[in-house]
Amino acid sequence: EKGGYDHFMLKEIHEQPKAITDTYRGRLLANEGIIRMAGIDDHMNKFLNAERIIIVACGTSWHAGLVGEYLIEEFARIPVEVEYASEFRYRNPIVTSKDIVIAISQSGETADTLAAIKLAKSKGAFVFGVCNVVGSSIARETDAGAYTHAGPEIGVASTKAFTTQITVLTLLALKLASKKGQLSKPELRSYLQQMQLIPNKVEELLKIDTKVKKIAAVYKDAPNCLYLGRGFNFPVALEGALKLKEISYIHAEGYPAAEMKHGPIALIDENMPIFVIATNKGHYEKVVSNIQEIKSRAGKIIAIVTEGDTQVKEIADHVIEIPETEEAFTPLLTTIPLQLLSYHIAVMLGKNVDQPRNLAKSVTVE
Ligand code: M6R
């Protein structure tokens, strides 16, 4: 049932090229320059007239929501807010019928997310679901939606659900952008062609597993780790830290790289591993100077860079290369080595990777 892998998590990490392809199949029509998503097409006026989109979710799905905020604002130019469902539901939020609420949930059963949806509906908002489990409570409660087609995710640590949620949000952002005239047909077509190359690039990245394993062996005994990223990769830093925390029980924090100097930089010494995402287009020079700040405080730097990088390579202790793609699509690639890294560290520490202590696959209590 684990398909020859030692754990479900590893199997699910390796299933990502297929899961991403399954999620855009039938929706992404690159040659025609069209994105077909019935849940949006059937309610296009609502989307085009929305004054605001509020994304509600928990955990990893909330991180996907943050990537969604960057994507939707960048491409479709609709203001987006991302809220923890548990906060949203209890703070008497301002929601009106001009808002669209997007609820993201792998299981479709998360109690706080479900309650947030009911609240948003009672205030007249149109609610769109992004779920993985067909027929789940959240899928049923929402007005419309788009399923991720990740297939069953058994490992408690979410992996393929995250990348397929980002896939759906990318399609949604590009689709709205083109409908709103923010993207021309040739521009959309070129993005879609790039998008179609992602599964092969993920496949390529999965081959660097041995390298990631070696890095894991170096840092597995660290009591604390920092994860830094900017722009589209800021949420990936948060997700990288969450993955490490939940399966290896190592304390980790994710931060927007430039926030480091407002506090966390005080933590840096020669015992602190810092994972930095430094792709070539996303504020690259800025991230390089953040890396220099770490270096001058003797922190250990493990950088995720774009193939062909030279600058970061000179400063970092280890580099992991990702294939070139559009900056907006890099979360689908930068996430992969961070998943593998957490996995290997947890295995080396002898932890229960698929069922970490104190956690359940779906959190149906508030
Ligand atoms: O099923 P959901 O996406 O609604 O679950 C939300 C969180 O409980 C979930 O993402 C959790 O944070 C995972 N264990 C993360 O790996």
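The values are calculated or read from the model by the stated rules, or taken from the named source; none is laboratory data. Worth saying up front: this structure is predicted, and the values here are computed from it rather than measured. Ideal geometry is used to build each Cβ from the backbone, glycine not excepted, and the neighbour counts take in all protein chains shown. These accessible areas exclude ligands, DNA and RNA; they are computed on the full protein's heavy atoms, side chains included. Shrake-Rupley method; radii C 1.70, N 1.55, O 1.52, S 1.80 Å.
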In region 295-337, how many residues are of a type in the set (S, T, N, Q) and in a strand (DSSP E or B)? 1
Is it the case, given these coordinates, that Asn280 is open to solvent by less than 10 Å² (accessible area, probe 1.4 Å) and more than 16 Å from the ligand (Cβ to nearest atom)? no
Within region 68-80, is there a residue that is part of a loop (DSSP other than H, G, I, E, B), away from the ligand (no atom under 16 Å from the Cβ) and open to solvent by less than 10 Å² (accessible area, probe 1.4 Å)? yes
Quick check: is even one residue across region 103-120 among the acidic types (Asp, Glu), away from the ligand (no atom under 13 Å from the Cβ), touching a residue at least 24 places away in the same chain (Cβ under 8 Å) and part of a helix (DSSP H, G or I)? no
Looking only at region 81-100, filter to residues that are of a type in the set (D, E, K, R) and crowded, with 18+ Cβ neighbours inside 10 Å; which one of those is modelled with the lowest pLDDT? Arg89
Only listed residue being touching a strand residue (DSSP E or B) at 6+ places or on another chain (Cβ under 7 Å) and open to solvent by less than 30 Å² (accessible area, probe 1.4 Å), chosen from Ala115, Ala120, Ala111: Ala120
Members of region 129-160 found to be within 13 Å of the ligand (Cβ to nearest atom), more than 25 Å from Pro331 (Cα to Cα) and either charged (D, E, K, R) or at pLDDT below 95 (or both), listed by number: Glu141
Go through Asn271, Asn233, Asn280 for me and flag whichever is at pLDDT below 95 and in contact with a strand residue (DSSP E or B) (Cβ under 6 Å, 6 or more places away or on another chain). Asn280
Verdict on Gly282 being out of contact with any Ser or Thr (no Cβ under 8 Å at 6 or more places or on another chain) and assigned to a loop (DSSP other than H, G, I, E, B): no
Of the criteria (1) modelled with pLDDT of 95 or more; (2) more than 16 Å from the ligand (Cβ to nearest atom); (3) closer than 29 Å to Cys58 by Cα, which one His262 fails: (1)
What are the pairs with Cβ atoms under 9 angstrom where one residue, in region 242-253, is at positive phi and the other, located anywhere, is within 13 Å of the ligand (Cβ to nearest atom)? Sequence gap at least six, or different chains. Tyr249/Ala346; Tyr249/Pro356; Tyr249/Arg357
Among Leu333, Leu338, Leu349, Leu359, which is the only one that is touching a Lys or Arg at 6+ places or on another chain (Cβ under 7 Å), within 30 Å of Ala111 (Cβ to Cβ) and touching a residue at least 40 places away in the same chain (Cβ under 8 Å)? Leu338
